[in-house]
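Reviewing the structure listed below.
The values are calculated or read from the model by the stated rules, or taken from the named source; none is laboratory data. It should be emphasised that the depicted structure is a prediction, and the values quoted were computed from it without experimental measurement. Every residue, glycine among them, receives a Cβ derived from its backbone with ideal geometry; neighbour counts consider all protein chains shown. Surface areas here come from the heavy atoms of the whole protein model, side chains and all, with no ligands, DNA or RNA. Shrake-Rupley method; radii C 1.70, N 1.55, O 1.52, S 1.80 Å.
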Amino acid sequence: MSYRTGISVLLVTMLMAGPVMAQQAARLFVVNKQSDTMSIVDPSTLEVGSTVEVGSQPHEMAITPSGEKAYLSNVGDNNVSVIDLVTGKETKKITSPDFSFPHGIAFTPDSRIAILTSERTQKIFVIDAATDEIIRAVDTDQGGTHMVVIDGTGRWAYFTNRESNSVSVMDLADYSLVATIPAGEGAEGIALSPDGTRLWTGDRRGDTVTVIDTQARRVIQRLEAGQGPIRAAFTPDGAQVYVPNALSGDVWVFDAQTLERVGTVDVGGSPGGVTFSPDGSRAYVACGRPGEVHVIDTESLTVVAKIPVGAGPDGITFQ
């Protein structure tokens, strides 16, 4: 092999290896609202690899689909922490005089825009995720706007309003609110099916879940749940919906098509946020009172591990 040929082979090898070397391993992110931190967990070892200090009482979080940064809503400070996920450091706090109980956060699929709720001022904030600057605020006529999801096209955002018992629909083409759909009492948790056609709400005060047809924008059915259904989450394949019940300390598992309950998993004290491994084999449930994440085998519907994190884990996501 000539010198020039050898160098060419080396360069090609380095270019091919570069993206693999730079690719970040999958991680589990957990917001701890009583210890003002975010735990970063290695899902292969089920151990906390690092802890990031954030603002006061962080409740929810979202990660850009590109995986570069996270936003955390700090209820106690009325601001949003921006976390660089490459360095694991907070780089900025987004603030506004109109923030009061900032809570639900979601990014558009292209990672360019974030949508944030401000519950007590009844406003929705639009944030440029490249500059981390607020570019618009939208007034709502609903009380207690809490959680938000965005569909896979990036066109529609949905918000639960836990005081008005409703779901608001926003057209992200112009950030206009185009519909309000009745939900159950204390509608708080929200989950959108992977195909965007079904929306489930956890109706915390009513002990129900509401199933909504997003195209017709109407309620299909309201189902009995456990005590205090606080969140809802679809499995990655869209076949099932997991509903954690904060007061009864369990997770109800529903068939997304038949709407029948197919299982119940006892997880103990105050379950909140739920997320899944990409292959759907594991569900991760943030359990507030023991300060743990409970890992559920989705085939056997049993708890197979418990991960100690910070105090009061709540928002949780796998990236």
>> Can you tell me which condition Thr87 does not meet? The list is (1) closer than 23 Å to Arg27 by Cβ; (2) surrounded by 16 or more Cβ atoms within 10 Å (Cβ to Cβ), and all the others hold.
In response: (2)
> Could we say that Val295 is surrounded by fewer than 23 Cβ atoms within 10 Å (Cβ to Cβ), free of Cβ contacts under 8 Å to residues at least 24 places away in the same chain and either of a type in the set (A, V, I, L, M, F, W, C) or part of a strand (DSSP E or B) (or both) here?
Replying inline: no
> Between a first residue in the range 129-150 that is closer than 22 Å to Glu163 by Cβ and open to solvent by 70 Å² or more (accessible area, probe 1.4 Å) and a second residue that is in a strand (DSSP E or B) and among the basic types (Lys, Arg), which pairs have beta carbons less than 7 Å apart while being 6 or more apart in sequence or on different chains?
Replying inline: Asp139/Lys123
> Given the residues Ser81, Ser73, Ser100, which is the only one that is touching a strand residue (DSSP E or B) at 6+ places or on another chain (Cβ under 7 Å), among the hydroxyl-bearing types (Ser, Thr, Tyr), at pLDDT 95 or above and part of a loop (DSSP other than H, G, I, E, B)?
Replying inline: Ser100
> When the range 248-267 is examined, which residues are found to be open to solvent by 10 Å² or more (accessible area, probe 1.4 Å) and either under 21 Å from the mean Cα position of the chain (by Cα) or charged (D, E, K, R) (or both)?
Replying inline: Asp250, Trp252, Asp255, Ala256, Glu260, Arg261, Asp266
>> Could you check the range 171-199 and list, in sequence order, the residues that are assigned to a loop (DSSP other than H, G, I, E, B), at negative phi and crowded, with 16+ Cβ neighbours inside 10 Å?
In response: Leu172, Ala183, Gly184, Ser193
>> With at positive phi and among the hydroxyl-bearing types (Ser, Thr, Tyr) as the only criterion, which of Ser111, Ser168, Ser164 stands out?
In response: Ser111
>> Can you pull out every residue in the range 277-292 that is assigned to a strand (DSSP E or B) and open to solvent by 20 Å² or more (accessible area, probe 1.4 Å)?
In response: Arg282, Glu292
> Of the residues Thr140, Thr131, Thr121, Thr117, which single one is in contact with a Lys or Arg (Cβ under 9 Å, 6 or more places away or on another chain) and within 16 Å of Thr95 (Cβ to Cβ)?
Replying inline: Thr117
> Of the numbered conditions (1) in contact with an Asp or Glu (Cβ under 7 Å, 6 or more places away or on another chain); (2) of a type outside the set (Asp, Glu); (3) open to solvent by 30 Å² or more (accessible area, probe 1.4 Å), Gly315 satisfies every one except a single condition; which is it?
Replying inline: (3)
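Give me the residue from the range 103-145 that is among the acidic types (Asp, Glu) and either assigned to a strand (DSSP E or B) or in contact with a Leu (Cβ under 9 Å, 6 or more places away or on another chain) (or both) and, out of that set, modelled with the lowest pLDDT.
Taking the candidates together, the pick is Asp141.
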>> Can you tell me which residue is farthest from the chain's Cα centre (by Cα) among those in the range 99-119 that are buried (at least 16 other Cβ atoms within 10 Å of the Cβ) and farther than 25 Å from Gly152 by Cα?
In response: Phe99
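Conditions (1) among the hydrophobic types (A, V, I, L, M, F, W, C); (2) within 21 Å of Lys306 (Cβ to Cβ); (3) without any contact (Cβ under 8 Å) to a residue 60 or more places away in the chain, marked per residue:
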{"position": "Pro194", "(1), (2), (3)": "no, no, yes"}
{"position": "Val211", "(1), (2), (3)": "yes, no, yes"}
{"position": "Glu224", "(1), (2), (3)": "no, no, yes"}
{"position": "Leu247", "(1), (2), (3)": "yes, yes, yes"}
{"position": "Phe254", "(1), (2), (3)": "yes, no, yes"}
{"position": "Thr258", "(1), (2), (3)": "no, no, yes"}
{"position": "Thr264", "(1), (2), (3)": "no, yes, yes"}
{"position": "Val267", "(1), (2), (3)": "yes, yes, yes"}
{"position": "Val274", "(1), (2), (3)": "yes, yes, yes"}
